[in-house]
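The values are calculated or read from the model by the stated rules, or taken from the named source; none is laboratory data. Every value quoted in this text rests on a predicted model; they were computed, and no experiment measured them. Backbone-built Cβ (ideal geometry, glycine too); neighbour counts: all protein chains shown. We work out accessible area using only protein heavy atoms, side chains counted, and drop any ligands, DNA or RNA first. Shrake-Rupley method; radii C 1.70, N 1.55, O 1.52, S 1.80 Å.
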Amino acid sequence: MHRLLPIVAAAVMASACGGGGDDGAEPAKVTGRAALAGTGYTSDQLEQALLTELPGYERAGEPDSGEYGSLKAIQNFNQLQRQVRLDKPSCRNERPGAAMLDKGIPAAIATFTKGNGQSVTEALMAMPDSAAEQQVKARVPADCMAFRTRVGAQWSEHRVVEAPLGTIGEGSRTVGVTTVSGASHTKTWYVVLRDRRFLATISLFGPGATRAEAEQLARYAHSQAQRILP
């Protein structure tokens, strides 16, 4: 089982960005033609439902789809996370959601970038409604709302803010992480939303990232997925 959206994802991206290239072999891609029992959608269907364009952004490569744990972005993130040391080790596996995510579920991911160093990552995951609801309703533990990370000799400070539950899709939640590392100041906003038989996440990363933009992007993603998925 794999935890969804660790709050230390912001620490990984802000503290270790550029240091986590995967030198290993490309993982085998799973087509996802047969959905897991109870999830409904295949990874092929989810890929078709991803955003294809975003105003002001360019798509960074082709989308990836297959089992969640096999996706290149997830494997790269896991490699980056192993380089990060936390002052609160118990927070490593915490995230916006207390439920566990099966790494074998069908999923699809697309990433967009623009020139100011800002990036958007959208993920769609096939999931029973009850499991998706758990992901949306859980909260970040109070002890993990502020923490420090170290990559090599560099320490970074992170502060988390969690908004009240929202109404995007059939329910959503928004979490922001501000990271200060030396003279660098970076923000990451996550939106997790659910709909019938799927969960969608938007991650907005960059010095100019805002909650308003992240939630607007989540609305775009939800509208697209709702239009495409049967």
Inset, instruction - Quickly rank 197-208, 170-181 as a protection proxy: mean count of other C-beta atoms within 10 Å, highest first. - result: 197-208, 170-181
Legend entry - Per residue solvent-accessible surface (Å²) - the stretch 60-193, probe of 1.4 Å: 42 Å²
Legend entry - Stretchable slack from Trp155 to Tyr220, in nm (0.36 nm times residue separation minus alpha-carbon distance): 19.8 nm
Legend entry - Vicinal HN-Hα couplings computed from phi for the stretch 210-222 (Karplus, 6.51 cos²θ - 1.76 cosθ + 1.60; Hz; Gly/Pro x): 10, 4, 4, 5, 4, 6, 5, 4, 5, 5, 4, 4, 5
Legend entry - In nm, spacing of pseudo-spin labels at Asp87 and Asp143 (7 Å Cα→C-beta vector): 1.5 nm
Inset, instruction - With a Förster radius of 22 Å, plug the Cβ-Cβ distance of Ser184 and Arg211 into 1/(1 + (r/R0)^6) and report the FRET value to the nearest 0.05. - result: 0.65
Legend entry - Per-residue HN-Hα couplings for the stretch 173-181 [Karplus 6.51, -1.76, 1.60; θ = phi - 60°; Hz; x = Gly/Pro]: 9, 10, 10, x, 10, 9, 10, 10, 9
Legend entry - Karplus-derived HN-Hα couplings along the stretch 193-201 (A = 6.51, B = -1.76, C = 1.60, θ = phi - 60°), whole Hz, x at Gly and Pro: 9, 10, 8, 4, 6, 8, 10, 10, 10
Legend entry - Ranked packing of 129-138, 143-152, most packed first, by mean Cβ within 10 Å: 129-138, 143-152
Inset, instruction - Please work out how much accessible surface Asp102 shows to a 1.4 Å probe, ignoring ligands, DNA and RNA, in Å² rounded to 10. - result: 60 Å²
Inset, instruction - Give the accessible area for His185 in Å² (nearest 10); use a 1.4 Å probe, count only protein heavy atoms, and leave out ligands, DNA and RNA. - result: 90 Å²
Inset, instruction - Go through Tyr68, Tyr220 and list them by solvent-accessible area, largest first, probe radius 1.4 Å. - result: Tyr220, Tyr68
Legend entry - Calculated FRET efficiency for the pair Asn116/Thr52, C-beta based, R₀ 22 Å, to 0.05: 0.50
Inset, instruction - Work out, step by step, the length gained on full extension between Asp102 and Glu162: first 0.36 nm times the residue separation, then minus their alpha carbon distance; give nm to one decimal. - result: 19.2 nm
